Amino acid sequence: MNSMKRKNLNILTLAILGILLVSGVIAYVLSYSRYTSEIDQLTNQIEGLQQSLAEQKKENEDLQASILEAKKTITALEEQTTKSDLTQDYQSDNEAAEANKNQATADSSTTKNEGASVPLDEETDSDTHSEEPIFSEPTEAIELVKEYIGYANESNVHFDIEGNVPGSSDICIHVYEVVDDGESQHTATRGWYGVNLNSKSVYDTDGL
């Protein structure tokens, strides 16, 4: 009887141990499956992040390429604008020079026509009314006289264009000094000079 009870007890013990063992195995399998699932999820998340990073890198590269292309376009436009401005300035300068040339030609023609149309009976005596000087560059005539007399930048020396040398179209220039004696000022003539701009020659003359 005792032997039977002991045998039954052993069988029960083995059954309980078997149940516990099976339960442990099942729990382990379930836990492993859960961990495996979490690992798979983490792996998928990592792969998704890697893909996002790759896409972001590609977008950055595309953006940098677009910026570089935009810079090239801006540089090309600036160069084109600069060339266009230079061309316009050059054309404007040429047009202005041509306009000045045409105006000078027109003025010269008008002067010649006016000079030719003056009747002889309207000409006045040179002693009472000197003719208007016929020249285009009075400054050049004065510079020639300065060189002729050895002018040394004296502040009290003055040069006046008085008209034409009597009997010619040469320019007549009066050179004089302004003298200050402390009480008053007066002028002292240095000389009268005729200038021929065609030959660039200067000579003494008696004035008008």
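The values are calculated or read from the model by the stated rules, or taken from the named source; none is laboratory data. Treat the numbers as computed from the prediction; the structure is a model and nothing was measured. Note that each Cβ is placed from the backbone with ideal geometry, even for glycine, and that neighbours are counted across all protein chains shown.
For residues in segment 186-204 being aliphatic (A, V, I, L, M) and part of a strand (DSSP E or B), which is farthest from Gly150 (Cα to Cα)? Working first, answer last.
Start the filter on segment 186-204 by keeping residues that are aliphatic (A, V, I, L, M), which leaves 188, 195, 197, 202.
This time we only want the ones that are part of a strand (DSSP E or B), so: 188, 195, 202.
On the way: Ala188: 18, Val195: 15, Val202: 12 Å.
Applying the filter and picking the extreme gives Ala188.
Between residues in segment 181-202 that are over 14 Å from Ile161 (Cα atoms) and residues that are modelled with pLDDT under 90 and surrounded by fewer than 11 Cβ atoms within 10 Å (Cβ to Cβ), which pairs lie under 9 Å by C-beta distance while being six or more apart or on different chains?
The qualifying pairs are His186/Asp180.
From the list Asp62, Asp40, Asp89, which one is part of a helix (DSSP H, G or I) and either in contact with a Cys (Cβ under 9 Å, 6 or more places away or on another chain) or at pLDDT below 85 (or both)? Walk me through it before giving the result.
On the way: Asp62 fails: either in contact with a Cys (Cβ under 9 Å, 6 or more places away or on another chain) or at pLDDT below 85 (or both); Asp40 fails: either in contact with a Cys (Cβ under 9 Å, 6 or more places away or on another chain) or at pLDDT below 85 (or both).
Of Asp62, Asp40, Asp89, the one residue that is part of a helix (DSSP H, G or I) and either in contact with a Cys (Cβ under 9 Å, 6 or more places away or on another chain) or at pLDDT below 85 (or both) is Asp89.
Just need a number here: residues in segment 149-182 that are in contact with a helix residue (DSSP H, G or I) (Cβ under 7 Å, 6 or more places away or on another chain) and not in a strand (DSSP E or B).
Going residue by residue through segment 149-182, those that are in contact with a helix residue (DSSP H, G or I) (Cβ under 7 Å, 6 or more places away or on another chain) are 159, 161, 171, 173, 175.
Next, from what is left, pick out any that are not in a strand (DSSP E or B): none.
Total satisfying the criteria: 0.
Per-residue answers, yes or no, for (1) loosely packed, with under 13 Cβ neighbours inside 10 Å; (2) at pLDDT 90 or above:
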| residue | (1), (2) |
| --- | --- |
| Val118 | yes, no |
| Phe135 | no, no |
| Gly163 | no, no |
| Tyr176 | no, yes |
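Taking segment 155-172 as the search range and keeping residues that are hydrophobic (A, V, I, L, M, F, W, C) and in contact with a Gly (Cβ under 8 Å, 6 or more places away or on another chain), which one is nearest to Glu140 (Cα to Cα)?
Step one: of segment 155-172, the residues hydrophobic (A, V, I, L, M, F, W, C) are 157, 159, 161, 165, 171-172.
Then keep just the ones that are in contact with a Gly (Cβ under 8 Å, 6 or more places away or on another chain); that gives 165, 171-172.
Values: Val165: 16, Ile171: 11, Cys172: 13 Å.
Filtering segment 155-172 for residues that are hydrophobic (A, V, I, L, M, F, W, C) and in contact with a Gly (Cβ under 8 Å, 6 or more places away or on another chain), the one nearest to Glu140 (Cα to Cα) comes out as Ile171.
Can you find a residue that is modelled with pLDDT of 85 or more and surrounded by 10 or more Cβ atoms within 10 Å (Cβ to Cβ) anywhere in segment 4-11? Break it down stepwise before answering.
First pass over segment 4-11, keeping only residues modelled with pLDDT of 85 or more: 11.
With the extra rule that they be surrounded by 10 or more Cβ atoms within 10 Å (Cβ to Cβ), the set shrinks to 11.
Checked segment 4-11: at least one residue is modelled with pLDDT of 85 or more and surrounded by 10 or more Cβ atoms within 10 Å (Cβ to Cβ).
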